Structures are given as C-alpha cells and as structure tokens.
Amino acid sequence: MSDLANRSTQELSELREQMLREYEALRARGLRLDMTRGKPSPEQLDLSMAMLSLPGNRDITTESGEDARNYGGGSQGLPEARALFADALGAPIDQILVGNNSSLALMHDCIVFALLKGVPGGRASWSEEKPISFLCPVPGYDRHFAICEEYGIHMIPVPLTGEGPDMDVVERLVADPSVKGMWCVPQYSNPTGEIYSDEAVRRLGAMRSGASDFRLFWDNAYAVHHLTDKSHKLANIFDACATGGYPDRPFVFASTSKVTFGGAGLGFFASSTANMRWFVARMSRRTIGPDKLNQLRHVRFLRDSDGVRKLMDQHRALLLPKFDAVAGALAARL
C-alpha cells in the first residue's frame with residue numbers, strides 16, 4: 001500500500017470497497033479473539049494441569065519434615081520452592097523469598113515498606129524525603145508505573161537503546177538524591193524485546209547514586225521464557241552490584257505466572273542478606289506465611305530448574321508457530 005498517494009480517486013474508491021468486503025467477511029466469521037497482553041492460552045495452561053492433583057492427600061510433608069497444611073515454615077517460603085528459581089534469579093536460596101502468586105505484589109510491598117519504614121542504608125523513610133522519583137525506561141510496564149502513580153512517586157522517562165537503558169542518561173539522572181529507584185525489565189522487555197547488555201548491567205551496578213538508599217527494581221519476568229533455541233544469558237545483577245560496591249542495590253523479582261498458572265503460580269523476591277532481613281521483618285507483620293501447599297505442588301510438579309526448562313520448551317513449541325505466523329503476516333502486509 002506504499003503507493004496510495006499515487007492512486008487515482010477511482011482506484012482509491014475501489015480499494016476502499018475491497019477492504020470493506022474483507023472486513024465484513026472477517027466479522028461474519030464471529031471470531032472472539034482474546035488479545036489480552038501476557039495471558040497464557042488454554043493450551044499453555046493445560047501443560048500444567050497435572051499439578052492440580054498434587055501434592056496429593058498423603059503427600060503434605062516438606063523436606064524439613066513440616067506439615068504444609070499448617071502454620072510454620074517461616075516467611076521466606078519452602079527452601080525447596082526457592083531452589084526452583086535460584087538459577088534464574090542468580091542468588092542462593094537464603095537470599096530468596098517465595099510468596100504467593102504475584103511478583104507484582106512483592107514489588108508493591110517493597111515500595112510501601114520503603115515509603116513507610118525506609119530501606120537499609122537510608123537515613124529516613126522515603127515518605128519523609130518526598131518528593132522522590134523513579135527512573136522509568138520507556139516503553140515499559142504500565143503496572144510498574146501505576147504503583148508510582150498511586151503513591152505519588154515522580155516518574156522520569158529514560159530511553160532504551162536496543163541494549164538496555166541509555167546509561168549516559170541514567171548516570172546523569174541518578175546523581176540526584178531524590179531519585180530513589182529505577183524500574184528494569186532486563187530481558188525480553190515488552191514491547192521491544194530489549195535485553196540488557198553486559199555493559200549496561202555492569203554500569204547499573206557500579207554507578208554512583210546521589211541517594212545512599214537507591215534501589216534497582218529488577219523485574220526479571222521473562223528469565224526462562226526463551227522463544228528460540230538460543231537462550232540469552234543475562235549478566236548477574238548481584239555480581240555487578242557487589243563488584244561496584246553496592247551489594248544492597250538490587251531488588252530482584254520473578255514468577256511462574258507464565259510458567260504454570262497465571263492466577264495460581266509463585267512469586268519470587270531475591271536480594272542481599274540485609275535487604276532480605278528488612279523485607280521479612282516487614283512482611284511478618286502482614287502474614288504468618290505464604291501458601292505452602294501451592295509451593296509444594298510446584299516442587300512436586302517441576303522438581304528442579306531442569307524441570308522448569310523442560311516445561312518452558314513445551315511453551316515454546318506452542319508459541320513459536322504463532323509468533324512466526326504474526327511476524328510473517330506483518331512482513332507481507334505492511
């Protein structure tokens with residue numbers, strides 16, 4: 001259609017009529033297409049249906065010998081459940097917390113706890129230091145931005161380069177002590193598919209910030225979601241921050257929402273020992289503990305990190321033909 005400007009009025013009228021006929025033919029098919037972003041298909045959800053029969057009515061004992069039906073077990077979740085995503089998170093299990101189904105809830109709690117109580121290394125609660133700001137690589141995730149909007153945190157857009165955020169811009173902006181955090185989706189970020197380069201990760205870990213309590217909100221939502229045979233290996237943000245002298249900088253999040261069930265998965269939070277102690281102390285006021293039966297169910301079904309990878313291979317087999325079909329149609333028609 002690149003030559004529309006050169007067509008006659010008659011040709012444009014005929015083209016319009018053709019397009020209307022094609023449109024009406026599509027409408028007549030009565031298709032109901034769910035285009036919701038990030039929502040697994042029924043076929044993808046079916047991959048994990050066996051999990052609904054787990055752990056079983058006689059398999060309710062954790063590795064430590066506790067009854068998963070009862071209280072106890074601590075706020076960080078089952079160690080065996082934490083181990084499922086230890087490789088993906090790049091952290092030891094004692095620095096990982098596994099919660100209920102939503103990693104977004106863990107991000108929200110980190111923000112609220114910081115506003116009310118401050119974070120390790122800070123002089124006061126974030127609410128006492130308002131106005132505060134977050135750096136927001138764009139395009140980004142609207143739910144991240146909605147949390148900032150809800151709690152009056154000013155958002156500063158940062159352009160993406162194809163290899164992560166423009167680090168020259170980030171390093172300039174983060175020198176302002178009112179900048180307390182930065183949202184990052186470091187791998188396969190929507191909608192660009194951005195993957196942060198090793199250099200970008202290194203600079204994020206090493207940069208000097210005006211705020212001593214600056215935090216990276218590292219939402220590695222697609223840590224295991226490889227669409228091709230090539231599995232990108234993201235540089236470890238914990239190593240980058242420790243090498244740079246800021247071991248408490250990263251708050252890292254992930255979930256199984258697009259691995260098992262979107263509404264009944266596991267959310268993960270990983271951070272330094274000091275940050276984990278801080279978070280668990282706040283969290284223990286809110287809940288006695290997470291859903292251990294669901295954690296045990298995931299452990300029995302996935303077993304280990306290799307089990308996670310095998311399940312993701314099945315997701316890829318379902319998704320790749322759809323991606324190829326859409327990409328092919330766009331290439332042919334646009």
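Annotations for the structure displayed:
- For the chain, the residue among Ala317, Thr256, Leu216 whose Cα projects farthest onto the positive side of the dipole built from Cβ charges is Thr256.
- Placing pseudo-labels 7 Å out from each Cα toward the beta carbon at Leu320 and Ala206 gives an inter-label distance of 3.7 nm.
- Theoretical ellipticity at 222 nm over the chain - DSSP helices of four or more residues, -39500 (n - 2.57) apiece, nearest 500: -12000 deg cm²/dmol
- Straight-line reach from Lys180: taking Cα to Cα under 19 Å and skipping same-chain neighbours fewer than 8 places apart, the lysines in range are Lys117, Lys130.
- Span-like helix ranges in the chain, DSSP H, alpha carbon extent 20 angstrom or more, Kyte mean at least 1.0: 103-117
- Projecting the Cα atoms of Asn236, Gly77, Ser48 onto the charge dipole of the chain (Cβ charges, centred on the Cα centre) puts Gly77 farthest toward the positive pole.
- Beta bridges by DSSP in the chain, antiparallel share as percent, to the nearest 5: 40
- The residue list Phe145, Thr61, Gly164 was ranked by how far each Cα lies along the charge dipole of the chain toward its positive end, using unit charges on Cβ atoms, and Thr61 comes out on top.
- Annotation: aspartates and glutamates with alpha-carbon distance below 19 angstrom to Lys230 (same-chain offsets under eight excluded): Asp87, Glu163, Glu194, Asp198, Asp306, Asp313, Asp324.
- Counting charges near Thr61 (Lys, Arg +1; Asp, Glu -1) among other residues having Cβ under 14 Å from its Cβ returns a value of 0.
- The shape of region 178-329 comes out oblate: with a ≥ b ≥ c from the C-alpha gyration tensor, a/c is at least 1.5 while a/b does not beat b/c.
- Basic side chains Lys and Arg get +1 at the Cβ, acidic Asp and Glu get -1 at the Cβ, and with that the dipole of region 49-311 about its Cα centre reaches some 540 debye.
- With an a/c value of 1.5 or above and a/b not larger than b/c for the gyration tensor axes a ≥ b ≥ c computed over the alpha-carbon atoms, region 94-153 is described as oblate.
- FRET efficiency, 1/(1 + (r/R0)^6) with R0 51 Å, evaluated for Ala331 and Ala281 via beta carbons: 0.45
- The residues neighbouring Asp109, those whose beta-carbon lies less than 12 Å from its own, together hold a net charge of +4 under the Lys/Arg +1, Asp/Glu -1 convention.
- Of the residues Asp46, Asp229, Asp248, the one with the fewest other Cβ atoms within 10 Å heads the list, and the complete ranking is Asp229, Asp46, Asp248.
- Neighbour counting of Cβ atoms within 10 Å sorts the residues Ile237, Ile147, Ile60, fewest neighbours leading, into Ile60, Ile147, Ile237.
- Placing pseudo-labels 7 Å out from each Cα toward the beta carbon at Leu227 and Glu199 gives an inter-label distance of 2.5 nm.
- You can think of it this way: the chain between Thr9 and Ser127 has 36.3 nm of extra reach, that is 0.36 nm per residue less the Cα-Cα gap.
- Ranking of Met182, Met51, Met19, Met107 by neighbouring Cβ atoms within 10 Å, starting from the fewest: Met19, Met51, Met107, Met182.
- For the chain: rounded, prolate or oblate by the Cα gyration tensor [a/c cutoff 1.5]: oblate
None of the figures in this text is laboratory data; all of them are computed from the coordinates on show. This one's a predicted model, so the numbers in the text were calculated from it and none came from an experiment. Using ideal geometry, Cβ is built from the backbone for each residue, glycine included, and neighbour counts are taken over all protein chains shown.
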